[in-house]
1. Considering each of 248, 258 in turn, give the residue that is of a type in the set (S, T, N, Q), at pLDDT 95 or above and closer than 16 Å to residue 125 by Cβ.
2. Of all residues in region 214-254, how many are small (Gly, Ala, Ser) and over 18 Å from residue 336 (Cβ atoms)?
3. Could you figure out which of (1) within 15 Å of the ligand (Cβ to nearest atom); (2) closer than 20 Å to residue 93 by Cα; (3) β-branched (Val, Ile, Thr) isn't true of residue 209?
4. Output the number of the condition that residue 161 fails; it satisfies all remaining conditions of (1) out of contact with any Gly (no Cβ under 9 Å at 6 or more places or on another chain); (2) on the phi > 0 side of the Ramachandran plot; (3) buried (at least 18 other Cβ atoms within 10 Å of the Cβ).
5. What is the residue count in region 123-155 for residues that are in contact (Cβ under 8 Å) with a residue 60 or more places away in the chain and touching a strand residue (DSSP E or B) at 6+ places or on another chain (Cβ under 7 Å)?
6. Within the set of pairs 6 or more residues apart or between chains, which connect a residue that is farther than 21 Å from residue 115 by Cβ inside region 54-83 to a residue that is surrounded by 12 or more Cβ atoms within 10 Å (Cβ to Cβ) and of a type in the set (Lys, Arg) with Cβ atoms less than 6 Å apart?
7. Within region 324-332, is there a residue that is under 24 Å from residue 259 (Cβ atoms), among the aliphatic types (A, V, I, L, M) and under 20 Å from the mean Cα position of the chain (by Cα)?
8. Considering only region 301-320, I want to know if a residue exists there that is within 19 Å of residue 256 (Cα to Cα), open to solvent by less than 20 Å² (accessible area, probe 1.4 Å) and away from the ligand (no atom under 14 Å from the Cβ).
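The values are calculated or read from the model by the stated rules, or taken from the named source; none is laboratory data. Keep in mind the model is a prediction, meaning the values are calculated, not measured. All Cβ positions, glycine included, derive from the backbone under ideal geometry; neighbour counts span all protein chains shown. Keep in mind that these areas ignore ligands, DNA and RNA; they rest on the heavy atoms of the full protein, side chains included. Shrake-Rupley method; radii C 1.70, N 1.55, O 1.52, S 1.80 Å.
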Amino acid sequence: MSLPLVFEAPKRAFPPRHLADMTADERREAVVGLGEKAFRAEQLSRGYFAGKTLADMTELSAASRERLAQVLPPLWTRVRDVSCDDGATVKSLWRAHDSTLVESVTMRYKDRTTVCISSQAGCGMACPFCATGQGGLTRNLSTAEIVDQVVRANADELARGERGVSNVVFMGMGEPLANYNRVIAAVRRMVEPSPAGLGMSQRNIVVSTVGVVPAIQKLTEEGLQVTLALSLHAPDDELRDTLVPVNTRWPVREVLRTAMDYTRKTGRRLSIEYALIKDVNDQPWRADMLAKKLKGKLVHVNLIPLNPTPGSEWDASPKEAEREFVKRLRDGGVNATVRDTRGREIAGACGQLAALEEPVPFA
Ligand code: SAH
């Protein structure tokens with residue numbers, strides 16, 4: 001698959017290879033290359049995925065730890081945590097070795113703990129209602145930089161005396177399918193059992209996309225069972241061209257067909273994201289049109305009340321319009337719910353992640 005140039009991030013130096021960038025075989029090779037016994041690779045991996053730092057791995061001698069530090073270069077420095085919902089929602093701002101900033105958001109629910117992670121610093125998709133899209137793309141994250149957000153969130157939760165992370169959603173900063181290889185490698189790390197990976201369930205991982213058709217086709221062939229979420233936001237090309245600019249390249253009909261092929265192959269229900277924007281995409285006729293296009297398909301529509309972003313003139317739909325939209329979808333035979341959107345007070349909700357060092361308050 002060759003993606004058009006617009007999806008290629010500017011080239012930057014990545015940190016030295018971290019063990020989370022490597023397969024289990026590569027880790028053994030690297031460790032032997034550092035003059036250590038091969039089994040140390042497993043010890044190190046087990047410690048890393050359990051959230052330990054090298055200094056915590058007291059089963060290793062000081063001399064070994066010093067040598068092995070080469071495959072555990074520091075990835076993210078925590079800049080700040082902010083929380084709301086009585087601490088059940090925590091947004092973390094992280095800084096990379098090259099000063100790149102990203103955010104991740106951990107959300108604790110009754111039955112699960114979900115971390116929403118970033119796949120790129122910034123985003124090149126330019127959706128006008130999304131703060132990340134408005135800031136443009138800085139660079140792709142490495143596999144280890146992606147995985148480490150989950151490792152750190154999990155360790156943070158355990159340190160707070162909470163359950164570990166059970167679910168991961170690629171709904172933070174960036175377009176995951178525009179950083180395809182690293183995102184897929186990160187998913188594989190997350191699902192590989194310990195010590196090779198985090199041992200998570202594939203079904204607890206959601207990859208969300210604006211609809212990069214060739215990458216969805218590739219994903220369909222990976223043999224993975226992750227849930228695919230499609231950010232649709234409009235049932236018609238005329239409007240979607242303006243809300244999700246890649247639509248001009250891969251229009252509604254094509255992206256829906258490709259996403260349904262993924263669903264057919266995996267048996268996983270497709271999630272459709274639809275941010276309800278007052279007088280823009282919330283008309284009853286658009287609900288009917290959406291229902292008509294989705295009826296009888298294995299899909300679930302998540303309606304998201306539009307979250308405010310700096311400088312945006314758009315508002316969330318009024319509650320009555322929202323109710324009517326849901327009703328028309330259901331009457332039309334489509335599963336739909338309004339998403340309980342978390343983190344709005346801390347600019348941590350869908351579309352609000354801007355990774356600003358100095359937080360800018362907005363209404
Ligand atoms: N680039 C991927 C991953 C980001 S997921 C994608 O677009 O799917 C973030 C989700 O929040 C997407 O569905 C996005 O369209 C949605 N979103 C963006 N801005 C929003 C806003 N202001 N209010 C509500 N949802 C928003």
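1. Result of the check over 248, 258: 248.
2. Number of matching residues: 2.
3. (2)
4. Checking residue 161 against (1) out of contact with any Gly (no Cβ under 9 Å at 6 or more places or on another chain); (2) on the phi > 0 side of the Ramachandran plot; (3) buried (at least 18 other Cβ atoms within 10 Å of the Cβ), the one that fails is (3).
5. 10
6. What qualifies is 54/65.
7. no
8. No, there is no match, as no residue in region 301-320 is within 19 Å of residue 256 (Cα to Cα), open to solvent by less than 20 Å² (accessible area, probe 1.4 Å) and away from the ligand (no atom under 14 Å from the Cβ).
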